[in-house]
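Student: Supplied in structure tokens, the structure appears directly below.
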Amino acid sequence: MMKTTFEDLYEKYHQDLFQYIFYLVKDKTQAEDLIQEVYIKVLSAYSGFNGDSAEKTWLFSIARHTTFDYFRKLKRKRMKIQDFFNWEEDGEKLTSTMQEPEDSIIHNDEMHQVYHCLDQCTVDQKQVVILRYIQEFSIKETAEILKWSTSKVKTTQHRALKVLQSCMMTSSDKEDVNHE
């Protein structure tokens with residue numbers, strides 16, 4: 001019984017879960033590792049799933065926790081590295097080794113621009129944008145996944161859209177200058 005249910009969950013939600021994690025970590029291999037962790041947690045927690053929320057909401061909540069545990073571990077590791085070395089001012093800005101997403105996810109220049117502008121958002125804003133616009137969750141479902149109030153989701157979404165709009169405008173102004 002559980003096997004069939006797990007396979008159903010996998011079939012229905014794997015692509016969305018993978019994309020969600022991928023947008024957050026921006027590294028295909030890391031996203032694949034994290035999604036495996038998510039499935040291990042799903043399998044061990046499934047007996048405790050009582051249907052209080054939708055399956056998809058429950059799965060995304062697990063994916064979010066798993067991804068943020070990864071970020072916390074990464075941050076601790078970076079802090080140890082920073083403590084070890086006597087960094088100059090520039091040295092504190094560790095450059096990201098994470099790759100751009102594959103071309104299959106970035107459909108066109110505009111999506112690429114949106115993806116780039118997501119980096120201007122806070123982590124909370126980025127999560128809301130990904131859940132609301134890329135994964136198409138409702139405000140209520142987004143609030144459930146993030147364990148926030150719906151008003152916090154709305155406020156965060158509003159601020160994120162302002163950041164994205166400002167970034168997109170700046171980027172398009174640069175494009176216009178480059179094309180002249």
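The values are calculated or read from the model by the stated rules, or taken from the named source; none is laboratory data. Remember, it's a predicted structure, so these values are computed and weren't measured experimentally. Cβ sites come from the backbone with ideal geometry, for glycine too, and all protein chains shown count toward neighbours.
Student: Looking at the range 142-160, I want the residues that are in contact (Cβ under 8 Å) with a residue 60 or more places away in the chain and have a partner that is not in a helix (DSSP H, G or I) with Cβ atoms under 6 Å, at least 6 apart or on another chain. Which pairs are those?
Tutor: GLU144/SER53
Student: Could you pull out the residue among LYS147, LYS126, LYS154, LYS140 that is on the phi > 0 side of the Ramachandran plot and at pLDDT 90 or above? Reasoning before the result, please.
Tutor: Working: LYS126 fails: on the phi > 0 side of the Ramachandran plot; LYS154 fails: on the phi > 0 side of the Ramachandran plot; LYS140 fails: on the phi > 0 side of the Ramachandran plot.
Exactly one residue qualifies, and that residue is LYS147.
Student: Just give me the residues in the range 145-156 being surrounded by fewer than 20 Cβ atoms within 10 Å (Cβ to Cβ) and assigned to a helix (DSSP H, G or I), in sequence order. Break it down stepwise before answering.
Tutor: Step one: filter the range 145-156 for residues surrounded by fewer than 20 Cβ atoms within 10 Å (Cβ to Cβ), giving 146-152, 154-155.
Of everything in the range 145-156, those that are surrounded by fewer than 20 Cβ atoms within 10 Å (Cβ to Cβ) and assigned to a helix (DSSP H, G or I) turn out to be LEU146, THR150, SER151, LYS152, LYS154, THR155.
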